[in-house]
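Everything below concerns the one structure shown next.
The values are calculated or read from the model by the stated rules, or taken from the named source; none is laboratory data. Quick caveat: nothing in here was measured; it's all calculated off a predicted structure. Quick reminder, even Gly has a Cβ in these numbers, built from the backbone with ideal geometry, and neighbours come from all protein chains shown. Accessible surface areas use protein heavy atoms only, side chains included; no ligands, DNA or RNA. Shrake-Rupley method; radii C 1.70, N 1.55, O 1.52, S 1.80 Å.
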Amino acid sequence: MSTAPTASPRRAFVTGATGQDGSYLIELLLSKGYEVHGLVRRTSSMNRGRLDAIKIDDELRKQRLLLHYGDVTDVACLARLILDVQPDEIYNLAAQNVRVSFDNPLYTVQVGGLGALNMLEAVRELSSKKSVRFYQAGTSEMFGGAPGTAPQSETTPFHPRSPYACGKAYAFHQTVNYREAYGLFACNGILFNHESPRRGETFVTRKITLAAGRIREGLQDKLFLGNLDAKRDWGYAQDFVEAMWLMLQQDEPDDYVVATGETHSVEDFLDVSFGRLELDWREHVELDPRFLRPTEVHLLQGDASKAQEKLGWKPTTSFAELVRLMVDNDWELARREREAASKA
Ligand code: NDP
């Protein structure tokens, strides 16, 4: 008796797999039955904590999550990997971060700007052999928060105010250019800030929630921060990766702002996070000019009506819930740290 061949799973390739969004996106793709290939950099110590946090059955993880060493600045490696893996969907999430980009401008742009071009070249090559869809991780930092522009939408002009944002704006335009020049299915997400308990520890929100937990447990007393007046549109990373996936499921490629539409200052974030632990942040926070950017971005607030209408996407997690999730996670980490210290 002949049996019908079983359909092979859809295959995705994700750069920035070890990052916050990489881990949530991979979790989402695995839950949807994809085989996922993640690009990871060789590092001197393991940085797979977020990948380990992915909630997935161990057997499925072994079968469906495959990691490859590589770097988006190495075009030869990217082309070889992408042609070998033959993914149906490619998500380019690799990047450095905003604050450090002022110290490492060249490398930041090599990764965030030229890295995207390297990816597009590999996608172009693959697209001559099979159908493939490409997602580029753009950022609200490209808007630069110029006065009078909020809320920012897909039609707001870019005014990037950091090497990071300049590199990302370059990647954005190349993605549009490759779509128009070569007919690639290539989309830009213009994502506003999104956070989670898996957020990198140097980003301001996570710095705050980690410090709040440690201060509550008596493990530290002071928290040094830069601009407390900066206003951001903060959403939950798990909600935002869903929008990335939705963009690649449409009939036509396009660019979308993804945001909550609300804006809060760093002071608001301090109020809610320290408040949850019955602490007064004013007794602990000190300003440190080292954390100020040479050019600040004052106000980011997104208008995601296009994503809501066309993708049917909307955020499900409020600002207060997001802060609660992060504080509770980091308070638990601080409790474990204190217990371990008391046993040592
Ligand atoms: P993270 O900083 O958590 O992760 C960045 C990832 O990029 C890490 O896996 C890192 O690897 C990887 N990476 C860095 N340099 C290279 C390189 N040269 N080659 C290959 N991989 C590299 O960022 P997020 O997950 O928060 O963000 C994902 C993407 O979305 C980024 O492009 C970011 O710029 C963009 N974005 C994020 C926003 C946010 O609020 N989170 C807002 C808007 C856009 P390693 O672990 O080895 O360092």
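Conditions (1) farther than 27 Å from W313 by Cα; (2) touching a strand residue (DSSP E or B) at 6+ places or on another chain (Cβ under 8 Å); (3) in contact (Cβ under 8 Å) with a residue 24 or more places away in the chain; (4) assigned by TED's automatic domain parsing to the domain that holds R99, marked per residue:
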residue	(1), (2), (3), (4)
A171	no, yes, yes, yes
T175	no, yes, yes, yes
N188	no, yes, yes, yes
F192	no, yes, yes, yes
A211	yes, yes, yes, no
I215	yes, yes, yes, no
L219	yes, no, yes, no
L223	yes, yes, yes, no
F240	no, yes, yes, yes
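If the requirement is being within 13 Å of the ligand (Cβ to nearest atom) and assigned by TED's automatic domain parsing to the domain that holds I190, which of these qualifies: R50, R80, R64?
Checking each option against the conditions leaves just R50.
Of all residues in segment 189-236, which are polar (S, T, N, Q) and crowded, with 19+ Cβ neighbours inside 10 Å?
Once the filter is applied, which keeps residues that are polar (S, T, N, Q) and crowded, with 19+ Cβ neighbours inside 10 Å, segment 189-236 yields N193, S196, T205, T209.
Does P253 fit the bill of being within 16 Å of the ligand (Cβ to nearest atom) and assigned to a loop (DSSP other than H, G, I, E, B)?
no
Would you call A122 open to solvent by less than 10 Å² (accessible area, probe 1.4 Å) and either at negative phi or hydroxyl-bearing (S, T, Y) (or both)?
yes
Looking only at segment 1-25, filter to residues that are polar (S, T, N, Q) and more than 9 Å from the ligand (Cβ to nearest atom); which one of those is least open to solvent (accessible area, probe 1.4 Å)?
Checked segment 1-25; the qualifying residue least open to solvent (accessible area, probe 1.4 Å) is S8.
Can you pull out the residues in segment 26-75 that are among the small types (G, A, S), open to solvent by 70 Å² or more (accessible area, probe 1.4 Å) and not in a loop (DSSP other than H, G, I, E, B)?
S31, the sole residue that qualifies.
Name the one entry in F269, F274, F319 that is open to solvent by less than 50 Å² (accessible area, probe 1.4 Å), closer than 22 Å to I190 by Cα and of a type outside the set (A, V, I, L, M).
F319
Being part of a helix (DSSP H, G or I) and within 12 Å of the ligand (Cβ to nearest atom) is the filter here; which residues of segment 189-217 pass it?
The answer is V204, T205, R206.
Name the residue, out of E262, E296, that is part of a loop (DSSP other than H, G, I, E, B), open to solvent by 60 Å² or more (accessible area, probe 1.4 Å) and either in contact (Cβ under 8 Å) with a residue 12 or more places away in the chain or touching a strand residue (DSSP E or B) at 6+ places or on another chain (Cβ under 7 Å) (or both).
Being part of a loop (DSSP other than H, G, I, E, B), open to solvent by 60 Å² or more (accessible area, probe 1.4 Å) and either in contact (Cβ under 8 Å) with a residue 12 or more places away in the chain or touching a strand residue (DSSP E or B) at 6+ places or on another chain (Cβ under 7 Å) (or both) holds for just one of E262, E296, which is E262.
Select from segment 155-188 the residues that are within 14 Å of the ligand (Cβ to nearest atom), surrounded by fewer than 21 Cβ atoms within 10 Å (Cβ to Cβ) and over 15 Å from V111 (Cβ atoms) and list them in ascending order.
Matches in segment 155-188: F158, P160.
Listed residues A230, A237, A259; which is in contact with a helix residue (DSSP H, G or I) (Cβ under 9 Å, 6 or more places away or on another chain), within 15 Å of the ligand (Cβ to nearest atom), over 30 Å from N118 (Cβ atoms) and among the small types (G, A, S)?
A230
Residues in segment 22-42 that are under 14 Å from the mean Cα position of the chain (by Cα) and either outside the structural domain of P87 (by TED's automatic domain parsing) or closer than 22 Å to A122 by Cα (or both): how many?
Residues meeting the conditions: 3.
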